[in-house]
Amino acid sequence: IMESVDQNGAVLSSQLTVDNVDVEFLPLIYEIIRCVERDPHDTSQKARESQDTSQKILELQRKLDQARNQIRKLPGVEYSKEEQLQKLETLRKQLQLKKDLLLKYRHMCTFDIPKS
């Protein structure tokens, strides 16, 4: 799979997979909670903490938007659950038919070619 990363850090791929979607939100959420839990008494420090918290919240929002955009690009997302299950069942039937054919051909008689 050919991959590249755009200016927002989104993975661009001709065949995007679930493994490529960036859903690492917990570290950012943890940092936001830590910022909120701190309660500095100094007014200037409080303003700086508030600004840091706002910045981290914006970063989380960007990351959520990026994940939404990546998920929309995943193949098969446009199908409903029922359609996906139906396609899966069709593929399973095809796989079983192909396995059966392979077994059938495997057990067929082979012809020996006479050596000259």
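The values are calculated or read from the model by the stated rules, or taken from the named source; none is laboratory data. In this text the structure is predicted, and so the values were computed from the model without any measurement. Note that we place each Cβ from the backbone using ideal geometry, even for glycine, and neighbour counts take in every protein chain shown. To get the accessible areas, we keep the full protein, side chains included, count just its heavy atoms, and leave off ligands, DNA and RNA. Shrake-Rupley method; radii C 1.70, N 1.55, O 1.52, S 1.80 Å.
Excluding ligands, DNA and RNA, what is the solvent-accessible area per residue of region 10-78 at a probe of 1.4 Å, expressed in Å²?
It amounts to 74 Å² per residue over region 10-78.
Label points 7 Å out from Cα along the Cβ direction at Lys81 and Met108: separation in nm?
According to this spin-label approximation, the distance is 4.4 nm.
Leu58 accessible area, nearest 10 Å², 1.4 Å probe?
Accessible area of Leu58: about 90 Å².
Could you order Val36, Val21 so the one with the most accessible surface comes first? Probe is 1.4 Å. Please report the intermediate quantities before stating the final value.
Values: Val36 100, Val21 20 Å².
Ranked from most to least accessible, the order is Val36, Val21.
If you roll a 1.4 angstrom probe over the protein chains with everything in place, what fraction of the accessible area of region 10-78 belongs to carbon and sulfur, to the nearest %?
Carbon-and-sulfur percentage of accessible area, whole number: 54.
Can you sort Lys63, Lys115 by solvent-accessible area, 1.4 Å probe, largest first?
Lys115, Lys63
For Lys87, what accessible area in Å² do you get when you roll a 1.4 Å probe over the heavy atoms of the protein chains, rounding to the nearest 10?
Estimated to the nearest 10 Å², Lys87 gives 100 Å².
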